[in-house]
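*Asks:* Got a structure for you, questions after.
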């Protein structure tokens with residue numbers, strides 16, 4: 001028997017034994033699906049013809065069917081073995097193991113679940129079976145008759161398995177993530193009263209009966225609007241029991257598994273300064289009562305994450321239902337985390353065990369998971385607004401985002417508050433260096449950058465060269481060559497390269513030119529340096545300012561921060577594509 005794998009529960013998938021993917025054409029998908037659904041049994045040429053062309057087959061349909069079968073056989077050959085498609089008296093038959101088809105594997109798991117006497121084992125078997133579904137059955141198989149005659153039965157089998165698994169979870173008191181999952185289920189299949197009933201029961205057992213009554217009204221409106229009917233007797237009875245505060249509805253509450261995430265990173269120590277920024281965060285918390293969105297932006301290395309982490313640990317008591325954290329990797333050596341993956345991380349943090357199959361469903365599930373709970377969400381190192389938007393859970397949660405990008409779209413169109421983090425003042429830099437080195441470092445602070453990331457690297461370098469007195473080390477730092485060496489260190493250089501990677505090539509070229517100037521320049525001078533129009537230059541400067549690579553004053557003066565200027569002079573490659 002062949003080790004071929006054929007997936008019908010979602011988009012069509014064919015995988016050979018060695019893991020190679022086969023991509024059948026539309027007609028081939030219809031043909032193979034027709035044979036797979038009748039595994040081990042003969043499908044007549046007439047039925048295949050009807051599946052392929054409906055009521056309008058071509059004149060030589062039998063010959064065309066043979067051509068499709070021949071090409072499909074060639075695509076499915078495994079290690080020169082005999083074809084898995086056999087010709088049988090006026091038809092064709094697919095000869096593969098049951099385990100080769102996800103449809104059959106699903107049936108086997110559901111059957112095993114029904115035969116076990118252990119409720120926990122039954123729930124786990126059903127969970128495994130449901131995980132085989134990657135989307136709607138035969139999602140990309142272009143055959144109207146299969147979708148009309150076969151898909152409804154497959155979808156009903158999935159619903160029955162899902163209903164039973166949720167029933168077992170409710171009985172066992174496994175409520176973590178269940179309310180969020182059921183919100184997604186009723187949103188995708190709103191006419192299924194059995195799932196509305198389970199959602200109401202899950203809410204009651206989670207101690208949220210008022211929300212259960214709200215969901216009943218939503219169900220009633222949906223049924224009236226789409227079918228013109230009222231909820232059935234089971235749902236009406238459950239509604240009455242909720243109103244009567246029936247204690248039997250919460251009989252499993254003593255076993256409720258409510259996940260309280262505690263995902264904040266540890267605080268960075270020593271920590272100095274930032275009193276103004278912390279006060280601003282406190283103000284947002286008080287003003288918005290633990291809800292809304294805050295953008296904490298600033299240059300690379302300015303300590304945004306350390307600031308937010310420090311503040312978040314101070315206000316843990318304001319968020320008793322948990323703190324979620326996700327590093328979005330917006331500026332770093334790897335590709336930024338896509339919203340689908342980030343949503344999965346956040347849902348797992350909230351205790352969701354069965355992750356929805358698409359980003360939209362995951363976003364809805366996250367909103368449901370945090371509904372009615374006082375949760376802090378920290379989204380660290382965001383690339384841009386597009387990456388963040390699907391992750392925002394809406395009202396009731398305070399979301400704090402850190403980014404080198406100003407995320408202007410969230411501030412302008414999403415009502416987010418912005419708090420910008422700049423370099424430390426010289427006295428704060430001295431305090432941090434002194435704490436790190438264990439000796440007075442005011443003179444070193446006078447020649448050091450105020451970016452905490454670089455200050456820590458500088459302190460590590462001074463400590464590593466322990467045989468060099470701090471005064472001598474400080475004197476060396478006053479020399480451009482030594483400054484350049486520090487900037488050229490891999491960590492600092494990479495830090496700024498990742499910022500440059502977020503802006504267009506022409507803006508990077510302008511930054512390289514601006515790095516040659518010791519003082520600030522005006523817009524006209526910058527345009528002359530680049531040889532472009534003022535409008536084009538202004539656009540490039542705006543992109544650079546958006547990620548804090550330059551500063552543009554209200555009077556149109558452009559300043560390049562010292563660290564960025566040193567990077568542009570000594571470490572920026574002539575052709576950034578050779579490095580980025």
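*Asks:* Of the residues 412, 359, which single one is surrounded by fewer than 19 Cβ atoms within 10 Å (Cβ to Cβ) and either modelled with pLDDT of 90 or more or touching a helix residue (DSSP H, G or I) at 6+ places or on another chain (Cβ under 7 Å) (or both)?
*Replies:* Answer to the check: 359.
*Asks:* State yes or no: is residue 90 outside the structural domain of residue 356 (by TED's automatic domain parsing), more than 27 Å from residue 136 (Cα to Cα) and in contact (Cβ under 8 Å) with a residue 24 or more places away in the chain?
*Replies:* For residue 90, the condition - outside the structural domain of residue 356 (by TED's automatic domain parsing), more than 27 Å from residue 136 (Cα to Cα) and in contact (Cβ under 8 Å) with a residue 24 or more places away in the chain - is met.
*Asks:* Exactly one of these conditions fails for residue 517: (1) crowded, with 18+ Cβ neighbours inside 10 Å; (2) out of contact with any strand residue (DSSP E or B) (no Cβ under 7 Å at 6 or more places or on another chain). Give me its number.
*Replies:* With (1) crowded, with 18+ Cβ neighbours inside 10 Å; (2) out of contact with any strand residue (DSSP E or B) (no Cβ under 7 Å at 6 or more places or on another chain) applied to residue 517, the lone miss is (1).
*Asks:* Another question, if that's okay. Exactly one of these conditions fails for residue 207: (1) surrounded by 13 or more Cβ atoms within 10 Å (Cβ to Cβ); (2) in a helix (DSSP H, G or I); (3) touching a helix residue (DSSP H, G or I) at 6+ places or on another chain (Cβ under 8 Å). Give me its number.
*Replies:* (2)
*Asks:* Can you tell me which residue among 513, 529 is assigned to a helix (DSSP H, G or I), modelled with pLDDT under 80 and either at negative phi or not assigned by TED's automatic domain parsing to the domain that holds residue 551 (or both)? Reasoning before the result, please.
*Replies:* Working: 513 fails: modelled with pLDDT under 80.
Being assigned to a helix (DSSP H, G or I), modelled with pLDDT under 80 and either at negative phi or not assigned by TED's automatic domain parsing to the domain that holds residue 551 (or both) holds for just one of 513, 529, which is 529.
*Asks:* In addition: Condition check: out of contact with any helix residue (DSSP H, G or I) (no Cβ under 8 Å at 6 or more places or on another chain), outside any helix (DSSP H, G or I) and under 29 Å from residue 546 (Cα atoms). Does residue 418 satisfy that?
*Replies:* No.
*Asks:* Residues that are in a strand (DSSP E or B) and under 30 Å from residue 497 (Cα atoms): does segment 380-391 have at least one?
*Replies:* yes
*Asks:* Failed condition for residue 29, given (1) crowded, with 17+ Cβ neighbours inside 10 Å; (2) assigned to a loop (DSSP other than H, G, I, E, B); (3) at pLDDT 90 or above, with all others met?
*Replies:* Every listed condition holds for residue 29 apart from (2).
*Asks:* Would you confirm whether any residue within segment 309-317 is surrounded by fewer than 17 Cβ atoms within 10 Å (Cβ to Cβ), in the same structural domain as residue 406 (by TED's automatic domain parsing), modelled with pLDDT of 85 or more and not in a helix (DSSP H, G or I)?
*Replies:* Yes.
*Asks:* If we only count helices (runs of 4 or more DSSP H) wholly inside segment 75-153, which ones have 1 or more residues that are in contact with a strand residue (DSSP E or B) (Cβ under 6 Å, 6 or more places away or on another chain)? Show your work before the answer.
*Replies:* Working: elements: 102-115, 119-130, 144-149.
In segment 75-153, 102-115 are the helices (runs of 4 or more DSSP H) which contain 1 or more residues that are in contact with a strand residue (DSSP E or B) (Cβ under 6 Å, 6 or more places away or on another chain).
*Asks:* Further, regarding this structure: Could we say that residue 343 is within 16 Å of the chain's Cα centre (by Cα) and more than 30 Å from residue 274 (Cα to Cα) here?
*Replies:* Yes, satisfied.
*Asks:* Answer yes if at least one residue in segment 390-405 is in the same structural domain as residue 301 (by TED's automatic domain parsing), within 12 Å of the chain's Cα centre (by Cα), surrounded by fewer than 22 Cβ atoms within 10 Å (Cβ to Cβ) and at pLDDT below 90, and no otherwise. Outline the logic, then answer.
*Replies:* Filtering segment 390-405 down to residues in the same structural domain as residue 301 (by TED's automatic domain parsing) leaves 390-405.
Subsequent filtering for residues that are within 12 Å of the chain's Cα centre (by Cα) retains 390-392.
When the remaining residues are screened for being surrounded by fewer than 22 Cβ atoms within 10 Å (Cβ to Cβ), the result is 390, 392.
Going one step further and asking which of them are at pLDDT below 90, we end up with none.
No, segment 390-405 has no match at all.
*Asks:* Read through the list (1) in a loop (DSSP other than H, G, I, E, B); (2) within 40 Å of the chain's Cα centre (by Cα); (3) over 24 Å from residue 278 (Cβ atoms), then give the number of the only condition that residue 423 fails.
*Replies:* Answer for residue 423: the failing condition is (3).
The values are calculated or read from the model by the stated rules, or taken from the named source; none is laboratory data. Everything numeric here is computed off the predicted structure, so don't read it as measured data. Backbone-built Cβ (ideal geometry, glycine too); neighbour counts: all protein chains shown.
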